[in-house]
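The values are calculated or read from the model by the stated rules, or taken from the named source; none is laboratory data. Keep in mind that what you see is a predicted model, and the values were worked out from it rather than measured. In this analysis, Cβ positions are derived from the backbone assuming ideal geometry, glycine residues included, and neighbour counts consider all displayed protein chains.
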Amino acid sequence: MLDLLWLVPALPLLGFLALFATEGKLPDKLVAVIGAGTVGIAALVALFAGREFLQSGEPSFSLSLWTWIAVADFQPSITLYLDALSLVMMGVITGVGFLIHLYATGYMWKDHQEPASYSRFFAYMNLFVFAMLMLVLGDNLLVLFLGWEGVGLCSYLLIGFYHRDAANGYAARKAFVVTRVGDTAFALGLFLLFRELGSLEIQQALAASSALTPCMATAICLLLLGGAVGKSAQVPLQTWLPDAMAGPTPVSALIHAATMVTAGVYLIARMQDLYLLSANAQHYVAVVGLATLLIASFTALTQRDIKRILAYSTMSQIGYMFMALGVGAWSAAIFHLMTHAFFKALLFLASGSVILALHHEQDIFKMGGLWKKLPVPFWSMAIGSGALVALPFVTSGFYSKDAILLTAYDTSGWLYWGGGVLAAGLTALYTTRMMVITFFGDAKTEPHEDSRINMWLPLAVLGVLSIVGGWFGIGVLDELLGGLGDFSHASPVAVVTMAVPLLGILLGVLVFSGRIDVAGFVESKAGDALRRFFDSGWAFDWLYERVFVKPFLWLARVNKGDVVDLIYTLTKSITRGLHHTGALTQTGRLRWYAANMAIGLIVVLLLAAGWL
C-alpha cells in the first residue's frame, strides 16, 4: 500500500475536479457521495499505508512522483515523505476530515442559500484536504509552501462562503490579508535558507543545517516562525481567527480547529533540527505560545457567541503546542495536536447541531435548558469539554496537556509551567461557563432536533476518540514519537497540574449557576472596563486599526486625490502637449517637408564629420 500513498492526496483532488467541472449540476446526493466519499477512501488508504509503514520498521518512506521544475541545479521534485510526524498529520487530516465531511452532508443539506451552493461547498472542502495533505506529505519546502498557500486560498473561500453578507466577505479578506503577512515572512525564510544551503529538500537542508552560523540559523527560524504565527493564529497575528467563524460550522471544525491552524505547529516540528541550532528562536516560540494561550483564555471568558468561545479556545490550545515546541516537548506538542483535533472537532460539530436546532442562534445567553431537549449535542459537548478541560485520567486532553506542562516544568522551570497551569484553570472556567449557560437554567429558545445518522455518527466516533485517544497516545505515540513524559509519579507539581482544572470547574459551577454572586464586581466601573478589554481580544483589532489600517486608508485617499492622480495627469498633459506640438509640423506642404529633410541631412553630415 505504500506505493499507493499518492492516492491519499489524489482522491480529494479528484473529488474537487469532479465537483468543479460539473458546475453544481450534479444531484445533491451524488455530491455528498463524491465530497465525503473521496476523503473517506483516502482515509482508508492512509490507514493501510500507515500500518504497512509501521510494520516495515523503517524510520521513513519516500515516494518520488516527478520533477516539478528543472532550472540548472534547482530541481525540486514532487516527493511524498512519510515518517512518524507526517503519519500522525495524515491520519488526523483524513480521519477527522472524513468525519467532518460526513457531518457536513447533513448540516449543509439544511443550509442551502443559493443554487449549487452544496456542490461548491464540498468542492472547496475537497480542495482544502488535498492542499493540507500536500503540505504535510511534501518532502520539499516548495511543495510544502504550495500546500500552505492552497489551504490559505481555501480558507478564504470557505470563510466567505456566505458571500451575500458583506460582513462575511470582510472576515474572509481579513483572514487572507493577515495570514499573508506571515506567509511573506515564511517566503523570505525559504529564500534565505536556499541561499545559504542551496536546497529546499527538507531532509537535505536539515542535514546541512549545521553549516549555518548561529545568527543565520536564528534569522531563518524567526522568519519561519512568522509564517507559523500567521497560519496558526498566534500572537501577534491572531486577530483573523475569531472573525473566521463567519464560515459554516463544519468549516470551523475542519480548517480552524483540526487541521489548517495546526500547520504552523507542523512547520516548526518538521524543522526541529534547525530550531535546535538556535536557543533564542526556540525561546521565542515558547514565548509566543505562552502569550497566546493566556490572552486567548482570558478573552474566551467574556464571549457570548458559542463559536467565538471555541475559536479563542483553539488559539489557546495551539498556544500550548507552541509552548511545548519552545520548551523542547516536541512529541507532547504533536500528541496534543492529535487529541485537540478529536475534541475540538467534536465541540464545533456539536455546537453546530445546537445552532441548527435553535434556528441559527449562536448567542449562549439566548439558549439554556437544552440538556434534556438536545441529548446528543449535550453529551457530545460534555465529552469534548471534559477533554478540553483535561479531566484527569478520563479524557485524551489530560494526557497530552499534562505531558506538555510536566515537560515544561522539567526543562524550563516555573514560568512556563505556571503560565500553562493558570491557562488550564481559565480553560476550565470558560468551558464551564459555556456549558452551564448553554445547557442548564431556563430555556430561552425552543429547539427542534432532527439530526440524522450522518450527523450524530461523527459525533459518537469523535466522542470515543476524545476519550480513548489519550490511551492510544500513551501506548503507541510514546514509542513512535520518542517519549511523552512520565505519568506514573504523583509529585506535588503533577498533583497541582491535575487539580487546577478541577478547581476551575468547581468555581465555574458556583459562579455561573449563581451560587457565588459576582454581579457587584462585574457591574463596577473597573469590572466593566476589564470585561470590555477582554471582550475586544485585548484591543489588538483596535490597535491595528489605528496603527496600520487607518494610516493605509488615509495614504490611499491622499494618493488617489493629490499625488498619484496628479503625476498621471501631468504625464498625460505633457504627452498631449508634445503630440500637439509635433502635429503642427504636419502642414501638408511639400516645400516644408523637403526643407526639413534637407536640414536633417545637413545635421547628420555635420555629426558624421565631427563638426557638431
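Report yes if some residue within segment 50-60 is part of a strand (DSSP E or B), modelled with pLDDT of 90 or more, touching a strand residue (DSSP E or B) at 6+ places or on another chain (Cβ under 6 Å) and farther than 20 Å from Leu457 by Cβ; otherwise report no. No: zero hits. Phe130 meets each of the listed conditions (1) buried (at least 20 other Cβ atoms within 10 Å of the Cβ); (2) under 17 Å from Ala269 (Cα atoms) apart from (2).
For the residues Ala595, Ala608, Ala583, the requirement of being hydrophobic (A, V, I, L, M, F, W, C), at pLDDT 80 or above and loosely packed, with under 10 Cβ neighbours inside 10 Å singles out Ala608. Checked against the criterion of being modelled with pLDDT of 95 or more and among the aromatic types (Phe, Trp, Tyr), segment 387-409 contains not a single residue that satisfies it. Of all residues in segment 264-275, those that are more than 12 Å from Ala84 (Cβ to Cβ) have Cβ atoms under 8 Å from Cβ atoms of residues that are of a type in the set (S, T, N, Q) and in a helix (DSSP H, G or I), 6 or more apart or on another chain, in Asp273/Ser209; Leu274/Ser209; Tyr275/Gln282. Only one of these conditions is not met by Ala529: (1) farther than 30 Å from Tyr312 by Cα; (2) among the hydrophobic types (A, V, I, L, M, F, W, C); (3) in a helix (DSSP H, G or I). Which number is it? The number of the failed condition is (1).
Residues are listed down the side, and each one gets a yes or a no for (1) closer than 21 Å to Ser396 by Cβ; (2) outside the structural domain of Ser400 (by TED's automatic domain parsing); (3) more than 15 Å from the chain's Cα centre (by Cα):
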position: Gln234; (1), (2), (3): no, yes, no
position: Leu241; (1), (2), (3): no, yes, no
position: Ala279; (1), (2), (3): no, yes, yes
position: Val288; (1), (2), (3): no, yes, yes
position: Gln317; (1), (2), (3): yes, yes, no
position: Trp330; (1), (2), (3): yes, no, yes
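Mind telling me which of the residues Arg515, Arg546 ends up being assigned to a loop (DSSP other than H, G, I, E, B) and not hydroxyl-bearing (Ser, Thr, Tyr)? On inspection, the qualifying residue turns out to be Arg515. Residues that are surrounded by 22 or more Cβ atoms within 10 Å (Cβ to Cβ) and not small (Gly, Ala, Ser) within segment 1-33 comprise Leu5, Val8, Pro9, Leu11, Pro12, Phe16, Leu19, Val31, listed in sequence order. Restricting segment 426-474 to residues that are among the polar types (S, T, N, Q) and surrounded by 24 or more Cβ atoms within 10 Å (Cβ to Cβ) leaves a set whose member that is farthest from the chain's Cα centre (by Cα) is Thr438. Once segment 71-107 is narrowed to residues that are of a type in the set (Phe, Trp, Tyr) and assigned to a helix (DSSP H, G or I), the residue that is surrounded by the most Cβ atoms within 10 Å (Cβ to Cβ) is Tyr103. Give me the pairs, please: first residue somewhere in segment 198-217 and modelled with pLDDT of 95 or more, second residue anywhere and part of a helix (DSSP H, G or I) and among the small types (Gly, Ala, Ser), beta-carbon distance under 8 Å, and either six or more positions apart or on two chains. Close Cβ pairs satisfying both conditions: Ala217/Ser209; Ala217/Ala281.
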